[in-house]
Amino acid sequence: YACYTSSPDLKAFERRLTEYIACLQPATGRWRMILIVVSVCTATGAWNWLIDPETQKVSFFTSLWNHPFFTISCITLIGLFFAGIHKRVVAPSIIAARCRTVLAEYNMSCDDTGKLILKPRPHVQ
């Protein structure tokens, strides 16, 4: 740890990394809530669509027309996935994983919040 405490560059890097990951957290939380709400709406709509006895008697598109809540929520969910919501809900962990990959070459790592972890130097004999 002697190298870390005396290096202002490492401190600045750690401070910037933790700041960046912390800055992503509010947006990530909002995207997670949106995904949860739309997923619950889609599941609820699908349940109502499946238990409706008319669904078996009419064509597929007519049954979707009869259940606009399910149809709209399903289209919204598909649209969110095409827009990349699956990447946005895990953005901080993607950043941390990529940093770990780069830092491994310097015998370092970081946790999910961006704090640096210095690994002991390997002893050469």
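The values are calculated or read from the model by the stated rules, or taken from the named source; none is laboratory data. What you are looking at is a predicted structure, and each value in this text was computed from that prediction instead of being measured. Note that we place each Cβ from the backbone using ideal geometry, even for glycine, and neighbour counts take in every protein chain shown. In case anyone asks, the SASA skips ligands and DNA or RNA and just uses the protein heavy atoms, side chains included. Shrake-Rupley method; radii C 1.70, N 1.55, O 1.52, S 1.80 Å.
Just to be sure I understand, how many residues within the stretch 88-125 are of a type in the set (A, V, I, L, M, F, W, C), more than 14 Å from the chain's Cα centre (by Cα) and farther than 16 Å from residue 17 by Cα? Let's see the steps before the verdict.
Initial filter on the stretch 88-125 (of a type in the set (A, V, I, L, M, F, W, C)): 89-91, 94-97, 99, 102-104, 108, 110, 116-118, 124.
When the remaining residues are screened for being more than 14 Å from the chain's Cα centre (by Cα), the result is 99, 102-104, 108, 110, 116-118, 124.
Restricting the remaining residues to those that are farther than 16 Å from residue 17 by Cα gives 124.
Residues flagged as of a type in the set (A, V, I, L, M, F, W, C), more than 14 Å from the chain's Cα centre (by Cα) and farther than 16 Å from residue 17 by Cα within the stretch 88-125 amount to 1.
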Within the stretch 49-69, considering residues that are of a type in the set (A, V, I, L, M, F, W, C) and out of contact with any Gly (no Cβ under 6 Å at 6 or more places or on another chain), the one most open to solvent (accessible area, probe 1.4 Å): 65
Matching option when the condition is of a type in the set (Gly, Ala, Ser) and modelled with pLDDT of 95 or more, among 79, 114: 79
Matching residues in the stretch 82-114 - criterion: being assigned to a helix (DSSP H, G or I), surrounded by 13 or more Cβ atoms within 10 Å (Cβ to Cβ) and not β-branched (Val, Ile, Thr): 88, 91, 92, 93, 96, 99, 100, 103
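If only one of 34, 72, 117 is touching a strand residue (DSSP E or B) at 6+ places or on another chain (Cβ under 9 Å), outside any loop (DSSP other than H, G, I, E, B) and either without any contact (Cβ under 8 Å) to a residue 24 or more places away in the chain or surrounded by 13 or more Cβ atoms within 10 Å (Cβ to Cβ) (or both), which one is it?
On the way: 34 fails: touching a strand residue (DSSP E or B) at 6+ places or on another chain (Cβ under 9 Å); 72 fails: touching a strand residue (DSSP E or B) at 6+ places or on another chain (Cβ under 9 Å).
None of the other options fit; the residue is 117.
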Positions within the stretch 2-38 being modelled with pLDDT of 90 or more, more than 16 Å from residue 87 (Cα to Cα) and among the polar types (S, T, N, Q), in sequence order: 18
